[in-house]
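Input: a single structure, listed below in structure tokens.
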Amino acid sequence: MLLLTVVVNWIFFIGASVMSVMAFVNMAIDKRRAENGGWRIAERKLLMQTMAGGFFGTFLAMIFLVSHDSPLLLSSSFSI
């Protein structure tokens with residue numbers, strides 16, 4: 001029973017990691033396309049990847065791919 005729990009945890013961890021990487025890469029591609037005026041990735045697809053386990057990658061993409069005048073991490077209006 002313990003082995004099954006460990007295996008399920010690892011499967012979830014690996015799946016969430018893969019989805020996070022995919023979500024981050026897709027958000028970076030979407031941002032590049034937006035800057036260049038190209039066809040964008042559907043928001044529905046990005047949100048579905050987030051809900052399917054890519055929440056950490058989406059969160060990191062929102063922090064590091066922001067191109068405003070002030071960095072999001074140093075902004076006083078950002079709070080969790």
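Only the coordinates and a few stated rules stand behind these numbers; no lab work does. Predicted model only: the values in this text are computed from it and were never measured. Every residue, glycine among them, receives a Cβ derived from its backbone with ideal geometry; neighbour counts consider all protein chains shown.
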Short version: ³J(HN,Hα) in whole Hz for each residue of segment 35-50, in order, from phi by Karplus 6.51 cos²θ - 1.76 cosθ + 1.60 (θ = phi - 60°), x for Gly and Pro, what are they? 5, 8, x, x, 5, 9, 6, 4, 4, 4, 5, 5, 5, 5, 5, 5
Two-site FRET efficiency, residue 55 against residue 35, from Cβ-Cβ distance with R₀ of 25 Å, rounded to 0.05: 0.55
